[in-house]
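The structure under discussion appears below in the form of structure tokens.
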Amino acid sequence: MENDSQMTRKVSRSLLGVIIVVVTLLFLPNVLSCVAPQNNDIFVVNKTSVLCKNTYLNLTIQLNNNSIELNCNQSILDGFDPSEGWTGITINSGKENTTVKNCIVQNYENGYETGHADWTNPDYVINNTFINNTIGVYAYFNYHVQITNNTFISNTYSARVSNTKYINVTDNKFFNNPNGGVYFSSIAIVDGSRIVDNYFTNDVSNPSAQIRISSQTDGLLIKNNIINYSLSPAIGINGGSVVTDVLVEDNIARNINGSGFILYGLRNSTIQNNVISDVFYDGIHVNYNFAENIIIRGNDISDGRETTSSGIYLTNNFQYGTITSNTVRNFSYPLRIYGGKPSFNSIYNNIFITNNFASMNGNVTNHFNISETSGSNIMGGPTLGGNYWGNMDGDGFSDMCLDDDSNGFCDGEIYNASSIEDHLPLSATVFLSMLSTSVRNMTSSDFNILGSETWVGAGPAGSFFAGGRNMTEINISTTSQTGHWVGLWGSVGLNRTLEDASGDVFYTWGVDVAGEGSKIFIANYSVEFNCNQTKAIDKNVSFSQSVYGWADSSGIDNLTETYNTANGHQTFSINNCAGSISDSAAVNLMDGAFNVTMIWDKDRDLPLFVSLVNPGATAYNGESADFEILLPVRTDGGIESYYLYGELL
């Protein structure tokens, strides 16, 4: 009986195993099932569905229920001819909270269409590809449409929006779409929308901007987009009389066969921290009668090709604006104020490097300096005032002016025939600023930095202009060099002091040699050291060369041949940030005595160079030095403005 009982238990377990397998198999068809619509048909979707992967011809798919998802499973929907008027995928009127993903939609009049559909919940268009449609994605009379991670190729209009609020266009790629990438049309009221983290390139001839806003809008954000090549302007806004509270920041526009940004009719808006380079006309062009209370701040604008191009062009009734902390170089005019009466604007703390002076036309009143105000200026000095006026040859007004008291201002003032009056023009005096201390002058032979023994550099540890074909020592000695690079070398010292909170010195030990582990950071922008810097891989180097134009040479002296991960470097950390930097792109100088590493600033998506201090080593010329630094420039023999930060031990 015991054997029979054991046998019974064994059989029971076997039967149970069979039952489990059978139950599991019964559920498998539901998990793996897909639907295969007929060609030349209208397919109505009432529940979440997955298409069987295939190519479907002249098919229209209608989503006819709330809270459902269509997953095309990378199927191709081909309408054959956009002029036939077919729509690939449509959200039926009144339906909301839908998702369309993983579809390849081509040759339709409208690839995806949603209208009169949803006023409360989002509709999602995710991870699709739209090719050769009249309109890739068309949204009208709808709120909260999310257009994310899609690819648009050769559509007449890529993403067209009208009368639709709170649209998010994020993480998409746009290639060669004749009428640009994102178009908020002229019949639209588009409020509270975001155009963020997209990539655009277009070699199709057309005057439409890649980001084109022709609608009344309020609260629009255009941020972190890259427009790498375009035969039309990068960003264009012309919404008539009501375009308010627009923020355009941290975008990159390069190689633009038009103006970088054309902005008409903005009010109460900010254009800041953008990089605009290699444009045909103007860098930033602001026009129209309603342009008021606009801040243009912290932009890097370079290389205008047309003979009358301007870095910043203000025209008509541009009033009560603030233009500050911008760097403009290599345009016919750094700043042009023309036509109508652009007046009552405050223009200060900018770097203007061009071979012509700023131009102002008409009976207008603008201010090119503020009164002396405590605060770090764009040249690293301790006081705000006017602007830096240089030229491409290095012999402009600010390049050559006297500053006998080394206060950061030229001893003379600027008055010119265009009614430009700058009473506090900035000088070329190089300053060092520190973590919670006042700014000190650089000594004649080295950096004497006053501040914490472990970390100095909350503000720029100095700014200077470095031209291609120059080897610039920290104490401004020069030697010949390749046109795509600039070399720096010198020594650093830490003035060890005991101070109170107000910066008053209790005791000074004097200048001490910076120890091993000290670092010098170099960037052409203001860096916020917030532990959001990471290693730069070779892809970052290639991106910096091809997109930003750093050392973009056809020879072996280009950026990717110089900085790469194969060169190796010492592992190091930044201040008190967790973790360390290793396996980053680097270059080694003097047989490894000096190392410069490129790291990546994730906040700005820009390179940051780090020189590891090697006290008392031998420089290229046989002299003693603590560092050598090899930095790229963006034009052969061009001018770059760099900022230095120090972490000295």
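The values are calculated or read from the model by the stated rules, or taken from the named source; none is laboratory data. Worth saying up front: this structure is predicted, and the values here are computed from it rather than measured. Using ideal geometry, Cβ is built from the backbone for each residue, glycine included, and neighbour counts are taken over all protein chains shown.
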Discussion item. Looking at TRP550 and the list (1) at pLDDT 80 or above; (2) more than 19 Å from ALA585 (Cα to Cα); (3) in contact with a strand residue (DSSP E or B) (Cβ under 9 Å, 6 or more places away or on another chain), which single condition is not satisfied?
Written reply: (2)
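Would you please name the residue that is surrounded by the fewest Cβ atoms within 10 Å (Cβ to Cβ), looking only at residues in segment 84-111 that are small (Gly, Ala, Ser) and closer than 19 Å to THR156 by Cβ? I'd like the intermediate steps shown before the answer.
Filtering segment 84-111 for residues small (Gly, Ala, Ser) gives 85, 88, 93-94, 111.
This time we only want the ones that are closer than 19 Å to THR156 by Cβ, so: 85, 88, 111.
On the way: GLY85: 11, GLY88: 29, GLY111: 35.
Checking each candidate, the answer is GLY85.
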Fill in: Condition broken by GLY579, with the remaining ones in (1) more than 18 Å from VAL613 (Cα to Cα); (2) in contact with an Asp or Glu (Cβ under 9 Å, 6 or more places away or on another chain) satisfied
(2)
Item to complete: Go through segment 123-170 and count every residue that is more than 19 Å from CYS72 (Cβ to Cβ) and either of a type in the set (D, E, K, R) or out of contact with any Ser or Thr (no Cβ under 9 Å at 6 or more places or on another chain) (or both).
Response: 3
Practice prompt. Kindly indicate the residue of segment 321-351 that is out of contact with any Ser or Thr (no Cβ under 6 Å at 6 or more places or on another chain), modelled with pLDDT of 90 or more and outside any strand (DSSP E or B) and also surrounded by the fewest Cβ atoms within 10 Å (Cβ to Cβ) among those meeting that condition.
Written response: SER325
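In segment 238-245, is there at least one residue being in contact with a Gly (Cβ under 9 Å, 6 or more places away or on another chain), small (Gly, Ala, Ser) and at pLDDT 90 or above?
Taking segment 238-245 as the starting set, the residues that turn out to be in contact with a Gly (Cβ under 9 Å, 6 or more places away or on another chain) are 238-245.
This time we only want the ones that are small (Gly, Ala, Ser), so: 239-241.
This time we only want the ones that are at pLDDT 90 or above, so: none.
There is no residue in segment 238-245 that is in contact with a Gly (Cβ under 9 Å, 6 or more places away or on another chain), small (Gly, Ala, Ser) and at pLDDT 90 or above.
Is it true that VAL587 is under 19 Å from GLN533 (Cβ atoms), under 22 Å from the mean Cα position of the chain (by Cα), crowded, with 17+ Cβ neighbours inside 10 Å and not polar (S, T, N, Q)?
No; evaluated as a whole, the condition is false for this residue.
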Fill in: Near pairs, Cβ below 8 angstrom, 6+ apart or cross-chain, from segment 29-44 (farther than 10 Å from ILE61 by Cβ and of a type outside the set (Gly, Ala, Ser)) to any residue that is assigned to a helix (DSSP H, G or I) and at pLDDT below 95
none
Response to the item:
Flagged pairs (Cβ under 7 angstrom, 6 or more apart or on separate chains; first in segment 79-100, acidic (Asp, Glu); second part of a loop (DSSP other than H, G, I, E, B) and crowded, with 19+ Cβ neighbours inside 10 Å) are ASP81/ASN107; GLU96/ALA117; GLU96/ASP118
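Filter the strands (runs of 3 or more DSSP E) completely within segment 565-617 down to those with at least 1 residues that are of a type in the set (Gly, Ala, Ser) and within 29 Å of ASN225 (Cα to Cα).
Details: elements: 586-589, 594-601, 606-612.
Of the strands (runs of 3 or more DSSP E) lying wholly inside segment 565-617, those with at least 1 residues that are of a type in the set (Gly, Ala, Ser) and within 29 Å of ASN225 (Cα to Cα) span 586-589.
Any residue that is in a strand (DSSP E or B), aliphatic (A, V, I, L, M), out of contact with any helix residue (DSSP H, G or I) (no Cβ under 7 Å at 6 or more places or on another chain) and more than 26 Å from SER83 (Cα to Cα) - is there at least one of those in segment 168-175?
To start, the set of residues in segment 168-175 that are in a strand (DSSP E or B) comprises 168-170, 173-175.
Now drop any that are not aliphatic (A, V, I, L, M), which leaves 169.
Pick out the ones that are also out of contact with any helix residue (DSSP H, G or I) (no Cβ under 7 Å at 6 or more places or on another chain) and you get 169.
So of that shortlist, the ones also more than 26 Å from SER83 (Cα to Cα) come out as 169.
Checked segment 168-175: at least one residue is in a strand (DSSP E or B), aliphatic (A, V, I, L, M), out of contact with any helix residue (DSSP H, G or I) (no Cβ under 7 Å at 6 or more places or on another chain) and more than 26 Å from SER83 (Cα to Cα).
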Discussion item. Only one of ASN142, ASN163, ASN121 is at pLDDT below 95, outside any strand (DSSP E or B) and under 34 Å from the mean Cα position of the chain (by Cα). Can you tell me which?
Written reply: ASN121
Worksheet item: How about segment 158-183: which of its residues are of a type outside the set (D, E, K, R), within 20 Å of GLN106 (Cβ to Cβ), surrounded by fewer than 24 Cβ atoms within 10 Å (Cβ to Cβ) and touching a strand residue (DSSP E or B) at 6+ places or on another chain (Cβ under 7 Å)?
Response: PHE175, ASN176, ASN179
Worksheet item: Tally time: how many residues in segment 124-137 are crowded, with 23+ Cβ neighbours inside 10 Å and outside any loop (DSSP other than H, G, I, E, B)?
Response: 5
Worksheet, complete the sentence: Condition set touching a residue at least 24 places away in the same chain (Cβ under 8 Å) and more than 14 Å from LEU631 (Cβ to Cβ), scope segment 559-575, selection surrounded by the fewest Cβ atoms within 10 Å (Cβ to Cβ): answer is ASN575
Practice prompt. Look at SER406 and say whether it is hydroxyl-bearing (Ser, Thr, Tyr), farther than 16 Å from ASN355 by Cβ and touching a residue at least 60 places away in the same chain (Cβ under 8 Å).
Written response: no
Worksheet item: Which residue pairs have Cβ atoms under 9 Å apart, sit 6 or more places apart or on different chains, and have a first residue in segment 610-636 that is in contact (Cβ under 8 Å) with a residue 24 or more places away in the chain and a second that is basic (Lys, Arg) and not in a strand (DSSP E or B)?
Response: ASP636/ARG469
Fill in: Flag if ASN73 is surrounded by fewer than 19 Cβ atoms within 10 Å (Cβ to Cβ) and either closer than 18 Å to SER162 by Cα or not polar (S, T, N, Q) (or both)
no
Worksheet item: Among all residue pairs at least 6 apart or on different chains, which show Cβ distances below 6 Å where the first residue, located in segment 418-433, is farther than 17 Å from TYR333 by Cβ and surrounded by 22 or more Cβ atoms within 10 Å (Cβ to Cβ) and the second is at pLDDT below 65 and basic (Lys, Arg)?
Response: LEU432/ARG440
Discussion item. Taking the conditions exactly as written (part of a loop (DSSP other than H, G, I, E, B) and surrounded by 19 or more Cβ atoms within 10 Å (Cβ to Cβ)), does ILE370 satisfy them or not?
Written reply: no
Worksheet item: Among (1) within 22 Å of the chain's Cα centre (by Cα); (2) surrounded by fewer than 21 Cβ atoms within 10 Å (Cβ to Cβ); (3) over 26 Å from ASP399 (Cβ atoms), which single condition is ASP552 missing?
Response: (3)
Worksheet item: Would you pick out the residues in segment 217-253 that are surrounded by fewer than 24 Cβ atoms within 10 Å (Cβ to Cβ) and within 13 Å of the chain's Cα centre (by Cα)?
Response: LYS223, ASN224, ILE226, ASN228, GLU249, ASP250, ILE252
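Within segment 28-86, track down each residue that is assigned to a strand (DSSP E or B) and polar (S, T, N, Q). Reasoning before the result, please.
Restricting attention to segment 28-86, the residues satisfying the condition of being assigned to a strand (DSSP E or B) are 35, 42-45, 49-51, 55-57, 60-63, 69-78.
Across segment 28-86, the qualifying residues are SER49, THR55, THR60, GLN62, ASN71, ASN73, GLN74, SER75.
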Discussion item. Take ILE195 and tell me if it is buried (at least 23 other Cβ atoms within 10 Å of the Cβ), modelled with pLDDT of 85 or more and closer than 25 Å to THR244 by Cα.
Written reply: yes
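Give segment 37-49 a look and list any residue that's under 19 Å from LYS95 (Cβ atoms) and either at pLDDT below 95 or not aromatic (Phe, Trp, Tyr) (or both), or say none. Full working, then the answer.
So the first thing to find is which residues in segment 37-49 are under 19 Å from LYS95 (Cβ atoms), and the list is 37, 42-49.
Answer for segment 37-49, where residues must be under 19 Å from LYS95 (Cβ atoms) and either at pLDDT below 95 or not aromatic (Phe, Trp, Tyr) (or both): PRO37, ILE42, VAL44, VAL45, ASN46, LYS47, THR48, SER49.
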